[in-house]
Each structure stands twice: as C-alpha cells, then as structure tokens.
Amino acid sequence: RPLAAASRLKEILGERSREILSAAVVIPADGSPWRKSLTIATGSRDGVLKGMLVLYHDQFVGCVDEAGPWPSRVQLTIDPSFRAGAVAVPKTYAAGVAIEQRHVGVFEGSSDEKGVLKWLSGETPVETGAYVLTTEDPSKGIPHGLILGRVTGLSTSRGAFPRVEVEPALD
C-alpha cells in the first residue's frame with residue numbers, strides 16, 4: 001500500500017523535482033484558538049523547508065509554516081488563513097475532461113473543522129459528496145489533483161456565489 005500511494009503521488013507531482021520526506025505527527029492539534037495546525041517530528045535538519053506541501057498519500061494536509069531544526073509546524077488546510085485554488089469534481093465525472101475546463105473556485109479554511117469552496121459562479125454544478133481537488137498554483141508549488149475533501153453542503157442564499165461546505169479528506 002505505501003508503494004502504491006507513493007506511485008500515485010509521483011503521478012500527481014509529475015516531473016517536478018521534489019523530495020519526498022516521511023514524518024510522524026507529534027502534536028495533532030494547536031493550542032491556539034486562531035489557527036489550525038499540527039507538529040511533525042521532521043525539521044530543517046532532515047530537509048524540511050517553510051512552504052513545503054504536507055500530504056498523506058494524495059490528500060492535501062497543509063503546508064509547513066515553521067521549520068525548526070527537529071520539529072516543524074504545519075498549517076492545515078482547515079486553518080482560517082489557508083487558501084488554494086480548487087474545483088469540485090462531479091460524481092458523474094467523465095474521463096478525459098480536464099480540470100482546467102471546470103469552474104475553479106477558492107478553497108479556504110474556516111474557524112471550525114471544515115473548509116469552504118468560494119467564488120464559484122452560480123451556474124457551477126456542485127453535488128453533495130463530490131471531491132474537491134486542488135488546481136495548479138505554481139507560486140505556492142501546489143499541483144493540480146490533490147484531494148482537499150468532499151462537499152457536505154451547499155448554500156446559495158447569500159448573493160450570486162454559492163457557499164460550498166467541504167469536509168477535509170483527513171480528520
């Protein structure tokens with residue numbers, strides 16, 4: 001299973017020169033009420049740099065926010081200040097339809113344990129249970145196709161843009 005997961009990750013990352021490091025979670029939560037993070041037992045002595053992506057298989061956990069010599073702090077995707085381009089992939093996904101052809105929004109963390117997909121046009125088809133995937137963001141080093149979570153709710157009552165609740169892929 002780990003070998004298959006690493007192969008899938010290599011497929012998503014493509015030809016980019018990235019080093020894959022393994023890390024154990026030391027502290028699974030943050031004591032601060034204003035941020036959502038965790039601490040891993042891998043640091044700058046192991047090659048960890050600020051801004052590195054933190055993944056569990058093909059699921060996007062967050063980004064390294066602080067890289068200490070031994071431990072590092074990871075900003076989770078559910079942190080209120082986290083943002084990434086994202087799309088909701090319909091459950092009725094047709095193979096061969098490129099992510100770039102779908103309606104792109106912005107995934108944001110929130111103050112609770114979920115995220116929100118915002119800034120989608122009102123015509124964007126979004127289904128409960130659909131996966132939410134990243135779109136490519138070269139400035140942050142985020143590739144397209146990482147799993148952020150699944151759609152759990154949709155609200156269209158506030159203005160022209162629907163608010164899509166997203167449950168993270170990982171607890």
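The values are calculated or read from the model by the stated rules, or taken from the named source; none is laboratory data. Note that this is a predicted model, so its numbers are computed, not measured. Cβ: placed from backbone, ideal geometry, glycine included. Neighbour counts: every protein chain shown. In case anyone asks, the SASA skips ligands and DNA or RNA and just uses the protein heavy atoms, side chains included. Shrake-Rupley method; radii C 1.70, N 1.55, O 1.52, S 1.80 Å.
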Per-region count, the range 150-170, residues in contact (Cβ under 8 Å) with a residue 40 or more places away in the chain and either of a type outside the set (D, E) or surrounded by fewer than 13 Cβ atoms within 10 Å (Cβ to Cβ) (or both): 9
Entirely in the range 1-74, the strands (runs of 3 or more DSSP E) that have 2 or more residues that are hydrophobic (A, V, I, L, M, F, W, C) and at pLDDT below 90: none
Checking T124 against (1) open to solvent by 30 Å² or more (accessible area, probe 1.4 Å); (2) at pLDDT below 95, the condition it does not meet: (1)
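Which ones in the range 153-171 are part of a strand (DSSP E or B) and over 16 Å from the mean Cα position of the chain (by Cα)?
Once the filter is applied, which keeps residues that are part of a strand (DSSP E or B) and over 16 Å from the mean Cα position of the chain (by Cα), the range 153-171 yields G153, L154, S155, R163.
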